[in-house]
1. Out of the residues in segment 24-49 that are buried (at least 19 other Cβ atoms within 10 Å of the Cβ) and in contact with a Lys or Arg (Cβ under 7 Å, 6 or more places away or on another chain), which is nearest to Asp157 (Cα to Cα)?
2. Mind counting the residues in segment 164-173 that are in contact with a helix residue (DSSP H, G or I) (Cβ under 8 Å, 6 or more places away or on another chain) and either loosely packed, with under 15 Cβ neighbours inside 10 Å or free of Cβ contacts under 8 Å to residues at least 60 places away in the same chain (or both)?
3. Report, by residue number, each residue of segment 119-140 that is part of a helix (DSSP H, G or I) and among the aromatic types (Phe, Trp, Tyr).
4. Of the residues that sit in segment 101-112 and are in contact (Cβ under 8 Å) with a residue 40 or more places away in the chain and under 21 Å from Ala9 (Cβ atoms), which one is surrounded by the fewest Cβ atoms within 10 Å (Cβ to Cβ)?
5. Quickly run through segment 72-108 and pick out the residues that are in a loop (DSSP other than H, G, I, E, B) and either at pLDDT 95 or above or of a type outside the set (Val, Ile, Thr) (or both).
6. For the condition under 20 Å from the mean Cα position of the chain (by Cα) and in contact (Cβ under 8 Å) with a residue 60 or more places away in the chain, what is the one hit in Pro200, Pro155?
7. Restricting segment 129-159 to residues that are polar (S, T, N, Q) and closer than 15 Å to Ile12 by Cα, which is surrounded by the fewest Cβ atoms within 10 Å (Cβ to Cβ)?
8. Name the single residue that is farthest from Asn149 (Cα to Cα) among those in segment 190-206 being modelled with pLDDT of 90 or more and surrounded by fewer than 12 Cβ atoms within 10 Å (Cβ to Cβ).
Amino acid sequence: MQSTIPTWAAMILPTILAITVHEVAHGWVASRLGDQTALRLGRVTLNPLRHVDPLGTLVVPALTYAFGGLLFGWAKPVPVDWRNLHHPRRDMALVALAGPGVNLVMALLWALVIQAGALAFPLSQGLGLALIYSGVFGVLINLWLMALNLVPILPLDGGRIIHALAPAPLARVLARFEPLGLIILLILLATGILGALLRPMVQTLIGLLPGGTIVQDLVFG
């Protein structure tokens, strides 16, 4: 895709929704399973300002995209008190899974936007391109965010799922390595290993979505 102002503008809404709805999903599922912490703190909201982490949501994604072409970042974590959950270990896994799960659903919805853009293009090229570009970014951002969060390293959602389901002795060992998780991820990102590991998953999922061929043609050429 060309780096034009309309193209960059098309990124804004998909990016905000991908990050915001991901966090809302964590808080909403937690509230349904017994923990109202996020709800009381006003984190189960579509207001993106409630989820912004200045470093992780703004600075790091801009730098990683500019220098490596791969979006990497994080929002302010949604607080969950496992002691309030009905079945703490199982429910923590479900809360963690909610974020990547909703990103997959949003990727499918953005794929339908691409289809709508393709249908609208003969009638209005401007509208058609706007829908296609937004849809393409929506698919990419949500699938990358889903794939990244499923990496089995704490504090990512994939690590949370494994930690919640692992036997207690193994869970305690995994928890000790959580402070190193972000460092490990940054090393994997800087060396290109992270992108190489996630790209096949993302490309496979793109191929399964309606409008996936348009994404592949525009992005992977």
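1. From segment 24-49, those buried (at least 19 other Cβ atoms within 10 Å of the Cβ) are 24-31, 33, 35, 38, 43-44; that's our starting set.
After this cut, where a residue has to be in contact with a Lys or Arg (Cβ under 7 Å, 6 or more places away or on another chain) as well, the list is 27, 43.
Values: Gly27: 13, Arg43: 18 Å.
For segment 24-49, the residue satisfying everything is Gly27.
2. In the first step, residues of segment 164-173 are kept if they are in contact with a helix residue (DSSP H, G or I) (Cβ under 8 Å, 6 or more places away or on another chain); the result is 164-166, 171.
Those still in the list that are either loosely packed, with under 15 Cβ neighbours inside 10 Å or free of Cβ contacts under 8 Å to residues at least 60 places away in the same chain (or both) too: 165-166, 171.
Summing the residues that are in contact with a helix residue (DSSP H, G or I) (Cβ under 8 Å, 6 or more places away or on another chain) and either loosely packed, with under 15 Cβ neighbours inside 10 Å or free of Cβ contacts under 8 Å to residues at least 60 places away in the same chain (or both) in segment 164-173 gives 3.
3. Tyr133, Phe137
4. By that ranking, first place goes to Leu112.
5. The answer is Phe72, Gly73, Trp74, Ala75, Lys76, Pro77, Pro79, Asp81, Leu85, His86, His87.
6. After ruling out the rest, the residue left standing is Pro155.
7. Start the filter on segment 129-159 by keeping residues that are polar (S, T, N, Q), which leaves 134, 142, 149.
Narrowing the set further to residues that are closer than 15 Å to Ile12 by Cα leaves 134, 142.
Working: Ser134: 22, Asn142: 30.
Within segment 129-159, the match that is surrounded by the fewest Cβ atoms within 10 Å (Cβ to Cβ) is Ser134.
8. My answer is Thr204.
The values are calculated or read from the model by the stated rules, or taken from the named source; none is laboratory data. Computed from a predicted model, the values in this text were never measured in an experiment. In this analysis, Cβ positions are derived from the backbone assuming ideal geometry, glycine residues included, and neighbour counts consider all displayed protein chains.
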